[in-house]
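Reviewing the structure listed below.
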Amino acid sequence: MMRTNSYSIMIALCLVLGFKPATQAQTAPAKYVLLVTVDGFRPEFYLDSTYAMPTVRQLMKNGVAAQGLNPVFPSVTYPDHTTMITGVTPAKHGIYYNTPFEAEGATGKWYWDYSLIKAPTLWDAMHKAGKTTACVRWPVTVNAPIDYRIPEYWNYKNMADAREYTAAATQPASLWKEVQENATGMLEANDLNATNDELVQDENVARMAGYIIKKYKPNFLALHLACTDHYEHENGREHYMVKASVAGADRAIKTLVESLNRAKIADSTVVIVMGDHGFENIYQSFNPNYLLKQAGIITDIKTGNWKAQFHSSGGSSFLQLKNSNDKATLSKVQAILAQQPDSIKRYYQVINKAQLTQIGADPNVPLALSGINGTTFGNKSDVETEKFAHVKGTHGFFPDHKQIQTGFVAFGPGLKKGVVVPVMNMVDVAPLIARLTGVDMPAMDGKLYTEMFK
């Protein structure tokens, strides 16, 4: 009786002083987090009502958002997704590009395996806190310590059919069959692709994740919707299929919200919808290795007869020195770039070592190029420039302008209603999730936006 009375007095005192018991406090950590990335997600998709994203706009209305979020450099999918779950830049987490630099030429391999990440992740932090985790088609998660894992993985020699490799990397192994029996139906090869103007890939990813939510209720689930990116690459920023993909992504997000409601965990879940980069229209591809071959710096890459070569990553290209201490070759490359006529210089801006260090890019490269005037980069050495027959799109550019910014929307316990901040950075996402869930994530580069929190 004495203990009951003491507790009642304590509660009454808290109420008088304006405090709420911890079990009712809206600032208490969220029990669940759902992180959804829409690849190529531009802020106007939710800021401009002409795009069909009513679900995301409703989340923004009742939660928080950013008018823009700066990606890392290069502004491509795998480095950005890894920064989201580490809170540090590529220089620290080690996923410098989508595809690793291969000295004898690109094979088509990507940074798939989790062991390549050099920094602590939210996956690690959640497990240390005793929380369960899940992912569906999330980058760099092959062999990751995730309880319910369907990674993004494919055979680089047969990209048309990801089923075999995805199934082999799924954990537990039975989950691959389970999601087909309960969520998607038997998957065909194209059911995990974005081809023929289809959007079924995003639908299936959302259905898989929705099933995992309802069945297993993981504390942290991350999934990757890729269709919007694919059609922006194919057709540029404003094509019909881009708008259709945006609408399809919104419906996929609605499926996830419905799953949270069915699982009866919506009130204790923070939902984050964001992107990895923006997009720019492109009209030509420039091959800086052509300049190096003409200057005798490249003779034959496949036989190792080269002193320097560029490794391209969409709208950027990074200089790789065979000998990192070869200052003479570096000076020669710098002179070549500086001496080009304006008709060639119009394709690129040079990103120097100081800029690379400040932004946290690959620490092994001395300089990079970022495309301008609608230019992407290739790795060829036998042709200088290739013009496209129609407008296309890409990303990867140095993040110093609006078009390459991506979007951010979040809703749920602990977050205010109707707050929109001007700009965030990719490194800020993991600190926000750590704050809302109460997990410990050491030594992150990002910051918290206190105006977002209740």
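Just so it is clear, none of the values below were taken in a lab; they were calculated from the coordinates. What you see is a predicted model, and the numbers here were worked out from it, not measured in a lab. Here Cβ is always computed from backbone atoms with ideal geometry, including for glycine, and neighbour counts include all displayed protein chains.
Give the lysines whose C-alpha is closer than 24 Å to that of LYS387, dropping any in the same chain fewer than 8 places away, or say none.
LYS293, LYS345
Defining a contact as two alpha carbons under 8 Å apart and six or more residues distant in sequence, what relative contact order in percent does the chain show? List each step's numbers first, then the result.
Details: 987 pairs, mean separation 131.6, N = 454.
The value is 29 percent.
Per residue and in cubic angstrom, what volume does the convex hull of the Cα atoms of the range 281-394 have? Kindly include the intermediate steps, with their values, before the conclusion.
On the way: hull volume 11.7 nm³, N = 114.
Cα-based convex hull of the range 281-394, divided per residue, equals 103 Å³.
What aspartates and glutamates could a cross-link reach from LYS322, if we take a straight Cα to Cα line under 19 Å and drop same-chain neighbours fewer than 8 places away?
Here the aspartates and glutamates satisfying the reach criterion relative to LYS322 are GLU102, GLU104, ASP300, ASP362.
Sorting check: for 341-351, 358-368, which peptide has the highest mean count of neighbouring beta carbons within 10 Å, and how do the rest follow?
Numbers: 341-351: 14.5, 358-368: 19.0.
The packing order, highest mean first, is 358-368, 341-351.
Would you mind checking the pairs LYS31/LYS109; LYS131/LYS454; LYS254/LYS454; LYS353/LYS380 and listing those with alpha carbons more than 28 angstrom apart?
Too far apart for the 28 Å limit: LYS31/LYS109.
Using Cβ contacts closer than 10 Å as the measure, can you line up VAL38, VAL270 from fewest to most? Numbers along the way, then the final one.
Details: VAL38 30, VAL270 23.
With the sparsest Cβ surroundings first, the list reads VAL270, VAL38.
Which value, in debye to the nearest 20, describes the size of the charge dipole of the range 387-454 about its Cα centre when Lys and Arg Cβ atoms bear +1, Asp and Glu Cβ atoms bear -1, and nothing else is charged? Let's see the in-between values first.
Details: 8 positive and 5 negative charges, 64 e Å.
With Lys and Arg at +1 and Asp and Glu at -1, about 300 debye.
With a 10 Å radius around each residue's Cβ, average the other Cβ atoms per peptide and rank 392-401, 118-127, 317-326, highest first. Numbers along the way, then the final one.
On the way: 392-401: 23.4, 118-127: 21.5, 317-326: 17.4.
Output ranking for 392-401, 118-127, 317-326: 392-401, 118-127, 317-326.
Of all alpha-carbon pairs in the range 45-161, indicate the percentage at a distance above 22 angstrom. Working shown, then result.
Working: 3271 of 6786 pairs.
Taking all Cα-Cα pairs of the range 45-161, the fraction more than 22 Å apart is 48 percent.
Once you charge only the Cβ atoms, +1 for Lys and Arg and -1 for Asp and Glu, what is the size of the charge dipole of the chain about its Cα centre, to the nearest 20 debye? Could you put the intermediate results ahead of the total?
Details: 44 positive and 41 negative charges, 280 e Å.
Dipole size: approximately 1340 debye.
How large is the helix-only mean residue ellipticity at 222 nm for the chain, computed as the sum of -39500 (n - 2.57) over DSSP H runs with n ≥ 4, divided by its residue count, in deg cm²/dmol to the nearest 500?
Working: 16 runs with 148 residues, N = 454.
-9500 deg cm²/dmol, from helical runs alone.
How long is the gain from ASP113 to GLU386 if the chain were fully straight, where each residue apart is worth 0.36 nm and the alpha carbon distance is subtracted?
On the way: separation 273, 0.36 × 273 = 98.28 nm, distance 3.33 nm.
The span from ASP113 to GLU386 would gain 95.0 nm if fully extended.
For the range 152-239, which trypsin sites (Lys or Arg not before Pro) pass both filters: DSSP loop (anything but H, G, I, E, B) and at most 15 other C-beta atoms within 10 Å? Can you show the working numbers first?
Details: sites: LYS157, ARG163, LYS177, ARG207, LYS214, LYS215, ARG237; in loops: LYS157, ARG237.
Taking the range 152-239 and a limit of 15 other Cβ atoms within 10 Å, the loop trypsin sites (Lys or Arg not before Pro) found are LYS157.
Can you give the translational diffusion coefficient of the range 182-256 in µm²/s, computed by Stokes-Einstein from the Kirkwood radius over Cα pairs at 37 °C and 0.692 mPa s?
Working: Rh = 12.9 Å.
D, rounded to a whole number, is 254 µm²/s.
Treating cross-link reach as a plain straight distance, find the aspartates and glutamates whose alpha-carbon is under 12 Å from the alpha-carbon of LYS447, omitting any fewer than eight places away in the same chain.
ASP428
Of all DSSP beta bridges in the chain, what percent run antiparallel (nearest 5)?
On the way: 30 of 59 bridges.
Given both bridge residues lie in the chain, the antiparallel proportion sits at roughly 50 percent.
Need the full-extension length gain, ALA295 to GLU188, defined as separation in residues times 0.36 nm minus the C-alpha distance. One decimal, nm.
Working: separation 107, 0.36 × 107 = 38.52 nm, distance 4.88 nm.
My answer for the length gained is 33.6 nm.
Any idea how far apart THR303 and ARG262 come out in nm if each label point goes 7 Å out from Cα toward Cβ?
6.1 nm
Calculate the tail of P(r) for the chain: the fraction of all Cα-Cα distances greater than 31 Å, expressed in %. Intermediate results must be reported in sequence, preceding the final value.
Working: 43954 of 102831 pairs.
Across the chain, Cα pairs with separations above 31 Å total 43 percent.
May I ask for the distance between the Cα centers of the range 415-436 and the range 132-170, given as a whole number of Å?
The range 415-436 and the range 132-170 have Cα centres separated by 28 Å.
Taking a point 7 angstrom from the Cα of TYR156 along the C-beta vector, which residues in the range 92-128 have backbone N less than 17 Å away?
95-117
Put +1 on the Cβ of every Lys and Arg and -1 on every Asp and Glu Cβ in the chain; which of ALA368, HIS390, ALA252 then has its Cα farthest towards the positive end of the dipole?
In the chain, that residue is ALA252.
Just from the alpha-carbon atoms, what are the Rg and Dmax of the range 248-301 in angstroms?
23.7, 65
Assuming 0.36 nm per residue, please report the length gained on full extension of the stretch GLN358 to TYR240 beyond their Cα-Cα distance. Walk me through the numbers on the way to the answer.
Values: separation 118, 0.36 × 118 = 42.48 nm, distance 3.81 nm.
Computed gain between GLN358 and TYR240 is 38.7 nm.
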